[in-house]
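**Student:** Below you'll find the structure I mean.
The values are calculated or read from the model by the stated rules, or taken from the named source; none is laboratory data. Only a predicted model underlies this, so the values are computations on that prediction, with no experimental measurement involved. Here the Cβ is made from the backbone with ideal geometry for all residues, glycine too, and neighbour counts use every protein chain on show. Heavy atoms of the whole protein, side chains included, go into the accessibility calculation; ligands, DNA and RNA do not. Shrake-Rupley method; radii C 1.70, N 1.55, O 1.52, S 1.80 Å.
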Amino acid sequence: MMKHLSVMAIASALFMTACSTQNVSRDNNIPEAGSSVATSTMNSQQGGAGSTSGLNNGVGGGVSNTGAGYYNPHGAGAGAGAGAGAGAGAGAGAANANAAITLENLKNPRSPLSKRIIYFEYNKASIKPEYQQVLNAHAKLLKQYPNIQIRLEGHADERGTREYNVALSEQRAKTVEWHLKSQGIAGSQMEIVGYGEEKPIRVNSNEESWAENRRVEIRYPR
Amino acid sequence: MKKLLQLTLLLLLPLVASFTHADIDLVIDKSGEDARLKLVMAPFEGDQRARQMQTVIRDDLKRSGQFSFVALPKTIYISPFGGSLNPQTLKPTGAEFLLRGKTVPIGQGFNLEVEIIDMNNGRKLTGFRTNYHQKQRRIAHQTADAIYKQFTGVRGAFDTRIAYVASQGAGENRSFKLIVADADGHDPQTLVTSHEPIMSTAWGPQARRIAYVSFESGRPAVFIQDVMTGERRTVSARRGINGSPAWSKNGRQLALSLSVEGNPEIYILNLADGNLTRLTHSRAIDTEPSWTADGRSIVFTSDRGGNPQLYKISANANAGKPQRLTFEGKYNSAPSIQGQKMAMIRQQGGKFQVALMDLTNRASEVISRGSLDESPSIAPNGGMVLYETRGIARKHVLAVASGNGLEKSVLHSPYQNVGHPSWSPFLYH
C-alpha cells in the first residue's frame, strides 16, 4: 500500500540567504551601504520548474490509483460502469439477481457483483433504494468469504470546500458500511476512507460529471 | 467613535491640506466606487535589474487593490531620482503620487532606493532604501511592503510565502506535489511528491514548518514538515479522518478535524505531549477549524443546521454551545482568520465564491467572482485572500483577491492544476 514518496529538503535557499525583514529603512538616516550584501552561495533546489513535462489535466480514464491491489470497480466489463446517470447501474442486474454469489462473478457483467459503485445525491450520504440489491449481493459474498477485506472509498463532487467534502465522502462510505453491517458483515471486513473531491472520475464541471463523482467504490483485493 | 470621526474628516479634506506634512501616515479611503490611490512610476534608474524591481513592485501593489497605476506619458519629462519636480507636470495624468527608484551597485549586488513624490506639491513625501538580498525579488517585495505601509498604515504582506499542491497526470501516473513559493507565485520549490492526494496545507508560525494531510498510506494522516530541513513527522494517523490542520499562534497546538470517535469533530492536539482535547459533540460534520486572533476560540464549518455554516466555539475543553456566525448564503465554509477579518467560501446563486467578514460587526461581502472557488487563505496582514479558482479550460489556478474586492490576480505557476493554497505568516528570516 505504501506508495513512493520522496521528501526533498528545500535547501537553505529559503533560509540561509535570507536577511532580516527589517531590511527596509527610511532614508532619513541611512547607514552607509555595502555591509548587508549576503555572500553565501545559494544552494537552491529548483524543484518547481523543469518537472512539468507530461502534464495532464486531472484524471482521465476513471482509474484511481489506490487500486494497485484491488479490482477496479469501474472496469468489470461493459455493463459495470454507471454510465452517465447516477444509479443507472442497479436496475439492469435484476434478471441476474440469482446469479451465483462467487468471487468469479465480480468480473461477470451480468452479476450484481460487477456493480461496485454506489452513487449519491448532492450533499447527501443516504443510499438510494435501487442499490439495495447490489449491496445485498456484496453482503452475501462477504459472508461467504469472511477472510476477504474490502475497502469502501467515498468521494464527493467538486462543489463546496475540500475538507468538508472529505467528511461528506467518509459519511457516504460509512452509510455503505452500515448497510453491510446491518446484514451481518463484521466491521473488521471493511476499511473505509473518504477522499473528498481529490480523486474525481470526470473532471468536467457539469451535472453529469458531478453525478459520477459522488460515489462510494467497493474495492475487493485482487 | 471620536477616532472614526477624525478619520472621516481627514478623508473629506482636500488632499493638499491633509498631506502637506511628510510625517503623516496616509490613510486610504476604502469606500466608494474605486478608491484606489492613483500612482505613476518613472522608469527605475540602473541596469536591467532596476526595471525588474519596478515590475515586481508595481504588480505587488496592484494586487492589493489599494493602488492603480497610470501610464507615464512619453511627452512628460521627469527629472532623475532626487531631482526637483514641478507639481503641474503630472496634473494631466491625475496621479497623486510619483514613485521614482534607482539601483545602487554594491559589489555584484545592489541596493534599491525608492522615493515617493507628492504630486500636489512636487515634494518628496518619503524614501526607502532596501538592502541587497540574494533572492533579488525579495528586495522588490520588501520595498513594496514599505510603500504599502506608508500609504495604508498596515504592514505589507508581499514578502511572504505560500504553499500549495500541484497535481498532474492521470490514473496510476497521477502525482501530487507540495510546493512552496513566494507570495506572488514565483520561485516554486517542491517539498514532497506522492502518488496519493496531498491536501490542506497550513503554515506554522514564522513560516518554518508546514502541516498538511497526505493519503500516501491509503488513508489520510496529518504531517508536520520543516521547510528548511525537509524533516517531517506524523502527528495524527488515527482511524478515520485526520484532516484540516490549523496552527495556534504560538505553534504549540494544532486544531484538527478527526473522526476517530466515529463522527468528524473538532479537536485540539497539543504537539508537545500528543494530548487531544475534543471541542465539539454533534452528529453533524464538524471540520475546517480556524483560530480566532486572540487564540481563545475556534471557528469551524458544521452542517448541524442542515447546510454547512460557520460556528464559533471556545478553544478550551467543556467549550459550551457553539455560536453560529454566518446567516447569509446557503453554504458557508472553510474559514481563514487574520485579526478581525475572516475569509470563507460562500455559496450564493449557485456559485461558490470567497466572502470576507469583518468580525467586529459580522458584515460580509463577496470578493471573488469564480463559480467554484475554494480553499481561501487570508494574508497575514488581512488585506488579501489567496484562493483556488478556475482558469482557462477549467484548470485549477491560484488567485489573490484584494480585501476590497477591486482586484483579482491569477498567480504565476509552472503547474497546470494547483490547489490547497496556504498563505504564510510574516517572515522573520
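**Student:** Just to be sure before I move on: is B:ALA293 touching a residue at least 40 places away in the same chain (Cβ under 8 Å), part of a loop (DSSP other than H, G, I, E, B) and not charged (D, E, K, R) in the structure I sent?
**Tutor:** Spelling it out, B:ALA293 is indeed touching a residue at least 40 places away in the same chain (Cβ under 8 Å), part of a loop (DSSP other than H, G, I, E, B) and not charged (D, E, K, R).
Matching residues to (1) more than 18 Å from B:LEU98 (Cα to Cα); (2) assigned by TED's automatic domain parsing to the domain that holds B:VAL410; (3) of a type in the set (Val, Ile, Thr):
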position	(1), (2), (3)
B:THR126	no, no, yes
B:ARG129	no, no, no
B:HIS133	yes, no, no
B:ARG137	yes, no, no
B:ALA140	no, no, no
B:ALA144	no, no, no
B:ILE147	no, no, yes
B:ALA163	yes, yes, no
B:ALA166	yes, yes, no
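**Student:** When only residues in the range B:270-299 that are at the interface with chain A (Cβ under 10 Å from one of its Cβ atoms) and not acidic (Asp, Glu) count, which is nearest to B:LYS249 (Cα to Cα)?
**Tutor:** Within the range B:270-299, the match that is nearest to B:LYS249 (Cα to Cα) is B:PRO289.
**Student:** Then there's this: Looking only at residues that are modelled with pLDDT of 95 or more and more than 9 Å from chain A (Cβ to nearest Cβ) in the range B:412-429, which one is most open to solvent (accessible area, probe 1.4 Å)?
**Tutor:** B:PRO425
**Student:** Please find, within the range B:214-243, the residue that is farthest from the other protein chains (Cβ to nearest Cβ) out of those that are open to solvent by less than 10 Å² (accessible area, probe 1.4 Å) and among the hydroxyl-bearing types (Ser, Thr, Tyr).
**Tutor:** B:SER236
Yes or no, residue by residue, for (1) without any contact (Cβ under 8 Å) to a residue 24 or more places away in the chain; (2) hydroxyl-bearing (Ser, Thr, Tyr); (3) in contact with a Pro (Cβ under 8 Å, 6 or more places away or on another chain):
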residue: B:TRP203; (1), (2), (3): no, no, yes
residue: B:GLN206; (1), (2), (3): no, no, yes
residue: B:ALA211; (1), (2), (3): no, no, yes
residue: B:GLY218; (1), (2), (3): yes, no, no
residue: B:VAL222; (1), (2), (3): no, no, yes
residue: B:GLN225; (1), (2), (3): no, no, no
residue: B:GLU231; (1), (2), (3): yes, no, no
residue: B:TRP247; (1), (2), (3): no, no, yes
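**Student:** Would you mind finding the one in A:GLN171, A:GLN132 that is closer than 18 Å to B:ASN263 by Cα and part of a helix (DSSP H, G or I)?
**Tutor:** Answer to the check: A:GLN171.
**Student:** Another question about this same structure. Would you mind stating whether B:LEU269 is more than 24 Å from the chain's Cα centre (by Cα), open to solvent by 40 Å² or more (accessible area, probe 1.4 Å) and either of a type in the set (Val, Ile, Thr) or assigned by TED's automatic domain parsing to the domain that holds B:ALA399 (or both)?
**Tutor:** no
**Student:** Is it the case, given these coordinates, that B:ILE57 is modelled with pLDDT of 90 or more and either assigned to a loop (DSSP other than H, G, I, E, B) or in the same structural domain as B:ARG129 (by TED's automatic domain parsing) (or both)?
**Tutor:** Answer is yes for this residue.
**Student:** Just to confirm my filter: which strands (runs of 3 or more DSSP E) fall fully inside the range B:104-212 and include at least 1 residues that are facing another protein chain (nearest Cβ under 8 Å) and within 19 Å of B:ASN417 (Cβ to Cβ)? Lay out the reasoning, then the answer.
**Tutor:** On the way: elements: B:109-118, B:123-130, B:161-168, B:175-182, B:189-194, B:198-203.
Strands (runs of 3 or more DSSP E) meeting the threshold: B:161-168, B:175-182, B:189-194, B:198-203.
**Student:** Let me ask another. So if I check each of A:GLN189, A:GLN183, A:GLN144, A:GLN149, which one is open to solvent by 30 Å² or more (accessible area, probe 1.4 Å), more than 7 Å from chain B (Cβ to nearest Cβ) and under 21 Å from the mean Cα position of the chain (by Cα)?
**Tutor:** Sole residue among the options that is open to solvent by 30 Å² or more (accessible area, probe 1.4 Å), more than 7 Å from chain B (Cβ to nearest Cβ) and under 21 Å from the mean Cα position of the chain (by Cα): A:GLN149.
**Student:** Residues of the range B:61-108 being open to solvent by 40 Å² or more (accessible area, probe 1.4 Å) and basic (Lys, Arg), which ones?
**Tutor:** B:LYS62, B:LYS74, B:LYS91, B:LYS102
**Student:** On to the next question. Keeping to the range B:170-197, report how many residues are within 26 Å of the chain's Cα centre (by Cα) and either farther than 25 Å from A:VAL166 by Cβ or open to solvent by less than 20 Å² (accessible area, probe 1.4 Å) (or both).
**Tutor:** Total satisfying the criteria: 17.
**Student:** May I ask you to list the residues in the range B:296-308 that are closer than 13 Å to B:ASP286 by Cβ and without any contact (Cβ under 8 Å) to a residue 24 or more places away in the chain?
**Tutor:** B:SER302, B:ASP303, B:ARG304, B:GLY305 - these are the residues of the range B:296-308 that are closer than 13 Å to B:ASP286 by Cβ and without any contact (Cβ under 8 Å) to a residue 24 or more places away in the chain.
**Student:** Considering only the range A:159-169, I want to know if a residue exists there that is closer than 30 Å to A:ILE101 by Cβ and buried (at least 23 other Cβ atoms within 10 Å of the Cβ).
**Tutor:** There is at least one residue in the range A:159-169 that is closer than 30 Å to A:ILE101 by Cβ and buried (at least 23 other Cβ atoms within 10 Å of the Cβ).
**Student:** Could you list, in sequence order, all residues of the range B:61-98 that are out of contact with any Phe, Trp or Tyr (no Cβ under 9 Å at 6 or more places or on another chain), under 23 Å from B:HIS141 (Cβ atoms) and touching a residue at least 40 places away in the same chain (Cβ under 8 Å)?
**Tutor:** Hits for the range B:61-98 are B:GLY65, B:LEU98.
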